[in-house]
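Each value in this text was obtained by applying a stated rule to the coordinates, not by laboratory testing. The model shown is predicted, which means the values in this text are computed figures rather than measured ones. Heads up, the Cβs are rebuilt from the backbone with ideal geometry, glycines too, and the neighbour counts pull from every protein chain shown.
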Amino acid sequence: MSVFILGTVAEPVEAFIAWLSQKSADPALAKQVASFHAKWGKEYGVRWDFAIFQSCLETGWFTFKGDVKKAQNNFAGIGATGNGEPGESFPTVEAGCKAQIQHLATYAGQAIADAELVAKHTKSVKNWISGKAKTWEELAGKWAADGSYWRKISAIATEFSQWHESYPQPKPTLAGKRIAIDVGHGSYKDNLGTGWEPGAVKPPIREWDLNTIAAKECAEKLRSLGAAVDIFQYDPGSPQLTLSEKGARSNGHDVFVSIHHNSVDNPNAQHSLTLIHTNGTVEDSKLAQSIEKQLVAVCKVGDGGVRKQELGVLSTVPSSVKACCLTEGFFITGRLPEPPDQLAKAEGGAIAQGIADYLVQG
Ligand SMILES: [Zn+2]
């Protein structure tokens, strides 16, 4: 493989920064160096990705154990000729990076005016080095006496690409999305009056407590992805809403999800279930499938699928809301793989993931 010194880089600098934050001895400095290499590399048309790899090699992954010290801001040994010769010093990290990029550009044959050149060394040797290396390989024996200079830089490049393949892709962003989460039960208001009820109860477990835990976790995760989240009725003091008031409040949201837990007089019954209204739409079904998939994977209590049911709370959700559904993460009356409150927390994260997948993938 031969790599030209001049060229462009497809990867965002953030990928290199993430890598260096794990690999380098001085992540804060490495981050600055990577950013300035990218900035000046783009300016002079130099492969700044390889300039970063070169700096990793030259500084010993930013440990500065060689002749050049950290305070010199010289990240490629410019002017350091060995035998303790420290080479040039630059006033700032950025000046050092710019000098390195300019020195590389000069090797590749670019003519840069003396007044623009940062390094004295580049000025003094430019007539000798100009155009003497078109590829990184050709720098061996020139930039550094080391005949395996290129092999070492190329090994670092390989290390980066291997890391990058396993590098987790950025999370989906939900910026601009509005999500309404309804905590099932708790405060209520209906034509018989106002009050508070816990939903299903199997002492000491109350459905409302688990709905609350799951809803809070779900909201937190969605907010961390950039969404705006409204939670309806998550404590006894929050405003009591009729079903139609919940529906009205959900207007303007992309998604409405009501969080519940199941109960039945049979300790053997156990599964995750997601419900849509009997006249639910295709979008409701897609959202429900996306959430159910995550519930099954996280709660590990079985797959009850997506079902249609006459559900008052969903019947009032306006059609401006893209999709709505109701979750029954698990049966509080059945056997569980872990304590119900812990499971409800994990379940809240699963619901958030299902909502995020639906909103990102459609
Ligand atoms: Zn319920």
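Rg and Dmax, both from the Cα atoms of the range 1-79 and both in Å, are 12.1, 35. Three semi-axes describe the equivalent ellipsoid of the range 267-323; taken as square roots of 5 times the Cα gyration tensor eigenvalues and ordered largest first, they are 23, 13, 8 Å. With a/c under 1.5 counting as rounded, go ahead and sort the range 231-362 into rounded, prolate or oblate using the C-alpha gyration tensor (a ≥ b ≥ c being the square roots of the eigenvalues; past the cut-off, prolate if a/b is larger than b/c, else oblate). It is prolate, given that a/c is not under 1.5 and a/b is the larger ratio.
With neighbours defined as other Cβ atoms within 10 Å of a residue's Cβ, the residues Val3, Val301 order from fewest to most as Val3, Val301. With contacts taken as Cα pairs under 8 Å and at least 6 residues apart, the chain reaches a relative contact order of 14 percent. Look at the dipole of the chain built from charges on Cβ: of Ala25, Tyr107, Ala10, the Cα furthest out on the positive end belongs to Tyr107. Calculated on C-alpha atoms, the gyration radius of the chain divided by its Kirkwood radius gives an Rg/Rh of 1.23. Over 23 Å apart at the Cα level, from the set Lys31/Lys65; Lys39/Lys142; Lys42/Lys69; Lys221/Lys300; Lys39/Lys120; Lys31/Lys142, are Lys39/Lys142; Lys42/Lys69; Lys31/Lys142.
Candidate cross-link partners of Lys177 among the aspartates and glutamates, defined by an alpha-carbon separation under 18 Å and a same-chain spacing of 8 or more, comprise Glu217, Glu220, Asp230, Asp254, Glu283, Asp284, Asp357. When the Cα atoms of the range 3-43 are aligned to their principal axes, the ranges along those axes come out at 28, 16, 16 Å in descending order. For the range 13-166, the Cα gyration tensor yields ellipsoid semi-axes of 22, 17, 16 Å (square root of five times each eigenvalue, largest first, whole Å). Here the Karplus curve 6.51 cos²θ - 1.76 cosθ + 1.60, taken at θ = phi - 60°, turns the phi angles of the range 143-152 into couplings of 4, 9, 5, 4, x, 9, 3, 5, 4, 5 Hz, with x standing for Gly and Pro.
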